[in-house]
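Inspection log for the structure reproduced underneath, given as structure tokens.
No lab work stands behind these numbers, since they all come straight from the coordinates. A quick note: this is a predicted structure, and the numbers were derived from the prediction, not measured. Don't worry about glycine lacking a Cβ; one is built from the backbone with ideal geometry, like all the others, and counts go over all protein chains shown.
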Amino acid sequence: MSEVAVSHGAARMRRLSLWTLPVVLALGLFLQSYENAWEWWRSRELFAREVPASAAASLGGAEWKLTGLRRVAERSDGRAVMLLDMEAVVRDPEAFALLPCRLVLEAPDGRRWSPQFLTPSEVNRLPERRGLTIPTCTQALASKPAAGATLRIGEGFVLPAGTAGEVRPVLSLPAERPRYLRFQVPG
Amino acid sequence: MSGVFAKLGAPLIAALLLAGMQRFTPGYAEITGPIPLKGDLGETLTGRGFTVRADKVLLAEKLRFKAYGREVERDTGGVFALVIARLDAQPVSTTVSGAIWRSAQGARFVASPRFQGAPRLLGTDRLEPGLPQRGVFIFEVPREAVAGATLLVAASRWPRLDTQAEIALPATLGTPASLLDLNELAYE
């Protein structure tokens, strides 16, 4: 069997093809996974901005301020009911209207409690809330308010009574993820 | 000799490799399927978003419970299999709505939807970290699906790249009680 003579140019071309292959493969992988990687990046909460008590901070087209976090009831089974009040002044209505809103309470050990629907009897314990319908964060975002509007936002939480004193509100919005806000609770 | 090998051996090895890859490469559904977490009765299993411990399995032919102020009784052509269990969310609030009774033959039964409003039904309310729920999963299964079954617990019915606890249940269970009252079960 005789060896086929390969010209100098063809050998060079083959070498070049071999070296190009890893580059093309890496490029293909990048192009295929780019959207997934971007989506992952925009869905994570990676960089917290600490907001001092009574201060406002900008996030997702609005200025956000914590106006109250109160324990309003303690159930017989060791559950505490907490009400969170926030104020948002809309600056950029388009960015503000992006859903969904993630407003949770976070303990120092990283555990997080999502808002829960509370019975009116639990919500009405606060005299200033009696007869009022305060929108939740997602309801406020979905209401598409105009620039300059000031919104009052309220959420209810159920968590272990022992952790109620050490939790802090955390707010993250799709327009700004992976950055999010962590509010200090006054006093 | 080496020339013959190059002509016949190399394509043969390549063909074998390709055939092997085609035969044994797991499918996409398998690669992105549930992540099993195996355990036994009485063992606490800690998954990605929840912990679960199954304590007891009970069988009954009829179940009675109070729902929305009314007394309800349900019977079955098979048998009701009840698993008393404890669920806890960790580290964030979650719902564990994917409980499945897998028989020894591989048949899968989802939790029965015939017990809406029953007390301490697991998988219906959201779990909050630090506030464990003790309650019951209820399945309606044929009698031959009872022995050697496995309880599967996950956040959703078809978890993708997420924990699915697989709790081996006893190989033999006693004869079913003729009637159990869900309001009087010892959950603790």
Total formal charge among the other residues, if their Cβ is under 13 angstrom from that of B:Arg64, Lys/Arg +1 and Asp/Glu -1:
-1
Which of the aspartates and glutamates could a cross-linker span from A:Lys144 if the Cα-Cα distance has to be under 16 Å and same-chain partners fewer than 8 positions apart are dropped?
A:Glu63, A:Glu87, A:Asp92, A:Glu94
Per-residue ellipticity at 222 nm for chain B, helices alone: DSSP H runs ≥ 4 residues times -39500 (n - 2.57), over residue total, nearest 500 deg cm²/dmol?
-3000 deg cm²/dmol
Counting only residues 5 or more places away or on other chains, whose amide H sits under 5 Å from the amide H of B:Thr95 once H atoms are built in the peptide plane?
B:Leu127
Evaluate the charge dipole of the range A:28-147 about its Cα centre and quote only its size in Debye, nearest 20, assuming +1 on the Cβ of each Lys and Arg and -1 on the Cβ of each Asp and Glu.
320 debye
Summed side-chain charge close to B:Arg86 - residues other than B:Arg86 whose Cβ falls under 15 Å, Lys, Arg +1, Asp, Glu -1
-4
Given springs between every Cα pair under 10 Å in a Gaussian network model of chain A, which of A:Ala53, A:Ala147, A:Ala26 has the largest fluctuation?
A:Ala26
Please list the non-local residues whose amide H lies under 5 Å from the amide H of B:Lys56, H modeled 1.01 Å from N, same-chain partners needing a gap of 5 or more.
B:Ile84
Where does helix A:8-43 land angle-wise versus the long Cα axis of chain A, in degrees 0 to 90, nearest 10?
10 degrees
Centre separation in Å (Cα based) which lies between the range B:133-153 and the range A:65-122:
37 Å
Two-site label geometry, B:Lys38 and B:Asp75: point separation in nm, points 7 Å out along Cα→Cβ
4.0 nm
Charged-residue dipole, Cβ positions (Lys, Arg, Asp, Glu), chain B about Cα centre, Debye nearest 20
500 debye
Sum of side-chain charges, B:Ala168 neighbourhood, beta-carbon under 12 Å (Lys, Arg +1; Asp, Glu -1):
-1
Residue-averaged [θ]222 nm for chain A, counting only DSSP H segments that reach four residues, each worth -39500 (n - 2.57)
-8500 deg cm²/dmol
Reachable lysines from B:Lys56, criterion Cα separation under 29 angstrom, eight or more residues apart if same chain
B:Lys38, B:Lys66
How many Cβ atoms of partner chains, on average, are near each residue of A:115-122 if near means within 10 Å of its Cβ?
1
Considering only C-alpha atoms, what is the centroid distance from the range A:15-48 to the range B:36-62, in Å?
40 Å
Between 0 and 90 degrees, rounded to the nearest ten: what's the tilt of helix B:10-24 against the longest Cα principal axis of chain B?
0 degrees
In straight Cα distance, which aspartates and glutamates are under 17 Å from B:Lys7, not counting same-chain residues fewer than 8 positions off?
A:Glu3
About its Cα centre, what dipole magnitude does the protein assembly as shown give when the only charges are +1 on Lys and Arg Cβ and -1 on Asp and Glu Cβ, stated in debye to the nearest 20?
620 debye
